[in-house]
Amino acid sequence: MNTILKAVFSALTSGLIAFLSALLTALQGQNTGFDTITDGQWVTAALAFIVAATGTGAVTYKVRNHPAHV
């Protein structure tokens, strides 16, 4: 169960970072705000979240915790 929780946390964290990064890129420049973001930029941000979350979650889940060597 620990590996599943680690994968979920990792997926959500990386997805959120990717989403916010895409929004920050869209908001750069003078006189910008959320109302200036185009539909395509919202789609790009959503896809960034999905790709980052699924990719990171899957990779994190496949990497098993190894016991410490004593």
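Here, each number is a calculation from the coordinates, and none is a lab measurement. Every value quoted in this text rests on a predicted model; they were computed, and no experiment measured them. For neighbour counting, all protein chains shown are included, and Cβ atoms are generated from backbone atoms with ideal geometry for every residue, glycine included.
The table that follows gives values for the structure above.
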item: Estimated distance in nm for a label pair at THR13 and ASP39, the labels positioned 7 Å out from Cα along Cα-to-Cβ; result: 3.6 nm
item: CD proxy at 222 nm, helix term only [per DSSP H run n ≥ 4: -39500 (n - 2.57); per residue of the chain; nearest 500]; result: -24500 deg cm²/dmol
item: In order through region 12-20: 3J(HN,Hα) via Karplus (6.51 cos²θ - 1.76 cosθ + 1.60), integer Hz, x for Gly, Pro; result: 5, 5, 5, x, 5, 4, 5, 4, 5
item: Relative exposure of LEU47, LEU23, judged by other C-beta atoms within 10 Å (fewest first); result: LEU47, LEU23
